[in-house]
Amino acid sequence: MMSESLSMIEMRNVSKHFGNVIALNDISLKVHAGEVMCLLGDNGAGKSTLIKTLSGVHKPSHGQMFVEGREIRFKSPAYALDAGIATVFQDLAMIPLMSITRNFFMGREPTVGWGPFKRIDWHYADRIAMAEMAKIGIDVRDPSQPVGTLSGGERQCVAIARAVYFGAKVLILDEPTSALGVKQASVVLRYIAKARADGLAVIFITHNVHHAYPVADAFTLLKRGSSLGTFRKDAISREEVLNMMAGGAELESLDAELAEFQRDQGAASDSSASSAAHPGNGTPLTSG
Amino acid sequence: MNTMTQTRSPNGGDERITAIPFWKKALRRPELGAVAGTILVIAFFLVAASGTGMFTPAGIMNFLEVSAQLGILATAAALLMIGGEFDLSIGSMVGLAGIVIAIPTMEYGWPLWAALLLAFACAVLVGWVNGYLVNRTGLPSFIVTLAFLFILRGLAIGLSRLLTGRTQIGGIAERIPGDWFAALFSGEVGSGLFAWLAAHGWIGTNFAGNPVVTGIPVSIVWWLALTAIATWVLLCTPYGNWIFASGGDANAARNSGVPVRRVKISLFIFTALSATVFASLQVMDTGSADTIRGLLKELEAIIAVVIGGALLTGGYGSAIGAALGALIFGMVQMGIFYTGVNTDWFKVFLGVMLLVAVLFNNFVRKKAMESK
Ligand SMILES: Nc1ncnc2c1ncn2[C@@H]1O[C@H](COP(=O)(O)OP(=O)(O)OP(=O)(O)O)[C@@H](O)[C@H]1O
Ligand SMILES: [Mg+2]
């Protein structure tokens, strides 16, 4: 591959400690321009910590990071944004009481005028925010509506539209599709494909194999803060990815447990029917 | 909630809302409660204090001046509260700033402008230290600035006694004439206009033929100017957006690239500066400084800001609301005097008003967040 030499973003032997918790342990990772890297791993594996380190939220305890081959040290997320790295955080980084437009341009406000009369160009900002939201399939009635009044999925779409709009070189998405409907999720996947076509490096976290497999070029598996390796898509099947995500064996045992649960439920409804004469004596059903 | 369960039309349009009614937009403004409160208070005193001279030009200037002094503090306190922090050291800063103006002038023969500059420099330092400690320790600003409430008051009293042997320093009035900087904090504006109005019989004149109101006290000009600037900053500038963001969720703001620490430090500096403006106006007006000046002003400023619709938890509020809060405060304080009710009742009235304002704001905000 021609692009193999040009890595857009790279981590070299990065570790991150929180007190005595080792959240990341000696991670090395390379994402090229025009490549989608999918991060896989259990809850608490360190995926969010990894991308927060890349986006300047955390400073690495050890190791180096590079953008386009140049070493970078981000003092804050603002520096990462300046370097062209835009992130959709798992918690979305939205302010509920602020309007859609204010959230969309938070920290990157478009201005007109000069000197002390420099002001936000609200017309332009509203127009862009509405247009970008329309592209993702949400049509905004009123861009001055507080984000707190949006549904969870709509809110996620604001965060994604914002990152896509501002991501110049690297786009990082931490479980962006977790709250989305089928239509919006497919739009997000199309966005990822488009970002790749535009030559961005994309890092994408999801627990959904149907979202991960179609768009990813490579998969990196994290477990308890360490990397278990990076696999190119042509070297791995959808089932293998699924196994890596869920730990394979666990799904099989889950099947067995579900069957068990259904039997229990059947028994419980039988018993509650038979004990109808003694209310309050039923079997609890809420143990799942 | 009922609007959320319906579906979108298939063509991508949204039939759930045809147009946003004006009143729902108005409900979203933080100062709505304060507007209603202002109208209520004016109506109340128009009746209760009718014929007492409260609403004559001179009476209006009277309560406006009270409102203006508090309003100057409230504007800065509003920005800070929207930015998610409190400054309880404002009142003590007023006392300290007065001393810092008076001692060099009266004891060491400094020109007034130099002493004023020194006071403003001290304010920048105090604000910076407050902000730095809050940022650095992550402690609630309530605690950090409470410490400075005592430290600054103690410094004012201690320094004053150490250097002059007194806690009151007078005689500053005669140093004002001819001082370019002091001129910003003393006297009246628009005397020509008022003389003209009086000459045309638009406002009354006293026995000597002078207008009953000779001009707008400079404190009112400061108040209006600061409110206008703060409103402009909040609504129209990136920095204003950063203030809302920092107060709404500091972490989310930082992750979105907002320089939260810088915003907060600058806001603490602004509150200390506003306290110094207040002190300068008071020193020029009375010709003296006193170490106990500004007592409880931090709480009065917070009351005005909250009446103005700001959220104590940050991220929501307005400078216009704070100005209206200060206006209500001034009107009630002076109005009680005009109505002849024992002024002891002022504090009861104030407390009740604060409670009503908070309840009303709470109600309005819930409505606003429901109305999509
Ligand atoms: N700020 C922090 N302070 C202390 N520990 C932290 C901090 N952030 C993360 N951790 C710890 O680091 C580990 C990895 O967390 P992380 O959020 O990266 O997991 P994740 O892979 O994103 O999980 P999920 O799939 O649930 O989002 C967890 O054990 C967590 O408790
Ligand atoms: Mg995570």
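The values are calculated or read from the model by the stated rules, or taken from the named source; none is laboratory data. Bear in mind that the values here come from a model prediction, so they are computed numbers and not experimental data. Methodologically, a virtual Cβ is constructed for each residue, glycine included, from the backbone with ideal geometry; neighbour enumeration extends over all protein chains shown. Accessible surface is based on the protein model in full, side chains and every heavy atom, while ligands, DNA and RNA are left aside. Shrake-Rupley method; radii C 1.70, N 1.55, O 1.52, S 1.80 Å.
I need the full set of residues from segment A:30-60 which are more than 16 Å from ligand 2 (Cβ to nearest atom) and open to solvent by less than 50 Å² (accessible area, probe 1.4 Å), in order please. Before you say what the answer is, go through the steps one by one.
Filtering segment A:30-60 for residues more than 16 Å from ligand 2 (Cβ to nearest atom) gives A:30-36, A:56, A:59-60.
Hits for segment A:30-60 are A:VAL31, A:HIS32, A:ALA33, A:GLY34, A:GLU35, A:VAL36, A:GLY56, A:PRO60.
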Could you list, in sequence order, the residues of segment A:145-156 that are within 8 Å of chain B (Cβ to nearest Cβ) and either closer than 18 Å to A:LYS183 by Cβ or surrounded by fewer than 17 Cβ atoms within 10 Å (Cβ to Cβ) (or both)? A:GLY148, A:SER151
In segment A:11-18, is there at least one residue being within 24 Å of A:LYS233 (Cα to Cα) and either within 16 Å of ligand 2 (Cβ to nearest atom) or not hydrophobic (A, V, I, L, M, F, W, C) (or both)? yes
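Specify which of the listed residues (A:PHE66, A:PHE74) is away from ligand 2 (no atom under 16 Å from the Cβ), aromatic (Phe, Trp, Tyr) and touching a residue at least 40 places away in the same chain (Cβ under 8 Å).
Working: A:PHE74 fails: touching a residue at least 40 places away in the same chain (Cβ under 8 Å).
Every option except A:PHE66 fails the conditions.
Considering only segment A:15-112, give the helices (runs of 4 or more DSSP H) lying wholly within it that have at least 1 residues that are more than 13 Å from ligand 1 (Cβ to nearest atom).
Values: elements: A:47-54, A:77-82, A:100-104.
Filter on segment A:15-112 gives A:77-82, A:100-104.
Consider A:ILE192 carefully, then state whether it is crowded, with 22+ Cβ neighbours inside 10 Å and under 30 Å from B:GLY315 (Cβ atoms). Outline the logic, then answer.
Numbers: crowded, with 22+ Cβ neighbours inside 10 Å: yes; under 30 Å from B:GLY315 (Cβ atoms): no.
No.
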Within segment B:148-180, the residues that are more than 15 Å from B:LEU295 (Cα to Cα), of a type outside the set (Ser, Thr, Tyr) and open to solvent by less than 60 Å² (accessible area, probe 1.4 Å) are B:GLY158, B:GLY165, B:ILE169, B:GLY170, B:GLY171, B:ILE172, B:ALA173, B:ILE176, B:ASP179
Suppose we keep only residues that are in a helix (DSSP H, G or I) and under 21 Å from the mean Cα position of the chain (by Cα) within segment B:235-244. Which one would you say is farthest from the other protein chains (Cβ to nearest Cβ)? B:ILE243
Can you say whether B:GLY71 is within 14 Å of chain A (Cβ to nearest Cβ) and at pLDDT 85 or above, as far as the supplied structure shows? no
All-but-one check, A:HIS207 against (1) assigned to a loop (DSSP other than H, G, I, E, B); (2) more than 16 Å from ligand 1 (Cβ to nearest atom); (3) open to solvent by 20 Å² or more (accessible area, probe 1.4 Å); (4) within 29 Å of B:ASP249 (Cα to Cα), failing number (2)
Does segment A:168-182 contain any residue that is farther than 22 Å from A:VAL57 by Cβ, in a loop (DSSP other than H, G, I, E, B) and over 13 Å from the mean Cα position of the chain (by Cα)? yes
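Which one of these is within 16 Å of ligand 1 (Cβ to nearest atom), open to solvent by 10 Å² or more (accessible area, probe 1.4 Å) and touching a residue at least 24 places away in the same chain (Cβ under 8 Å): A:ALA197, A:ALA159, A:ALA168, A:ALA179?
On the way: A:ALA197 fails: within 16 Å of ligand 1 (Cβ to nearest atom); A:ALA159 fails: open to solvent by 10 Å² or more (accessible area, probe 1.4 Å); A:ALA168 fails: within 16 Å of ligand 1 (Cβ to nearest atom).
Checking each option against the conditions leaves just A:ALA179.
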Tell me which of these B:TYR338 doesn't satisfy, since it passes every other one: (1) open to solvent by 10 Å² or more (accessible area, probe 1.4 Å); (2) more than 14 Å from chain A (Cβ to nearest Cβ); (3) modelled with pLDDT of 90 or more. (3)
Go through (1) farther than 24 Å from B:GLN333 by Cα; (2) open to solvent by less than 40 Å² (accessible area, probe 1.4 Å); (3) at pLDDT 85 or above and name the single condition B:ALA26 misses. (3)
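What are the residues in segment B:250-269 that are among the β-branched types (Val, Ile, Thr) and either within 8 Å of another protein chain (Cβ to nearest Cβ) or touching a His at 6+ places or on another chain (Cβ under 9 Å) (or both), if any? Walk me through it before giving the result.
Restricting attention to segment B:250-269, the residues satisfying the condition of being among the β-branched types (Val, Ile, Thr) are B:258, B:260, B:263, B:265, B:269.
Across segment B:250-269, the qualifying residue is only B:VAL258.
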If only one of B:GLY308, B:GLY314, B:GLY287 is more than 14 Å from chain A (Cβ to nearest Cβ) and within 17 Å of the chain's Cα centre (by Cα), which one is it? B:GLY308
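Of all residues being in a helix (DSSP H, G or I) and within 16 Å of ligand 2 (Cβ to nearest atom) in segment A:210-236, which is least open to solvent (accessible area, probe 1.4 Å)? Just the residue, please.
Going through segment A:210-236, the residues in a helix (DSSP H, G or I) turn out to be A:210-215, A:233-235.
Keeping just the survivors that are within 16 Å of ligand 2 (Cβ to nearest atom) gives A:211-212.
Working: A:HIS211: 31, A:ALA212: 0 Å².
Only one residue fits best here, namely A:ALA212.
Going through A:ALA78, A:ALA83, A:ALA93 one at a time, which residue ends up being in contact with a strand residue (DSSP E or B) (Cβ under 7 Å, 6 or more places away or on another chain) and not acidic (Asp, Glu)? Steps first, please.
Details: A:ALA78 fails: in contact with a strand residue (DSSP E or B) (Cβ under 7 Å, 6 or more places away or on another chain); A:ALA93 fails: in contact with a strand residue (DSSP E or B) (Cβ under 7 Å, 6 or more places away or on another chain).
The conditions single out A:ALA83.
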Would you point out which residue out of A:ALA195, A:ALA249 is more than 16 Å from ligand 2 (Cβ to nearest atom), at pLDDT below 90, under 27 Å from B:ASN241 (Cβ atoms) and more than 14 Å from chain B (Cβ to nearest Cβ)? A:ALA195
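Here's the yes/no breakdown for (1) in contact (Cβ under 8 Å) with a residue 24 or more places away in the chain; (2) surrounded by fewer than 17 Cβ atoms within 10 Å (Cβ to Cβ); (3) within 9 Å of another protein chain (Cβ to nearest Cβ):
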residue: A:ALA80; (1), (2), (3): yes, no, yes
residue: A:VAL88; (1), (2), (3): yes, no, no
residue: A:ALA93; (1), (2), (3): yes, no, yes
residue: A:PRO116; (1), (2), (3): no, yes, no
residue: A:ILE128; (1), (2), (3): yes, no, no
residue: A:GLU132; (1), (2), (3): yes, no, no
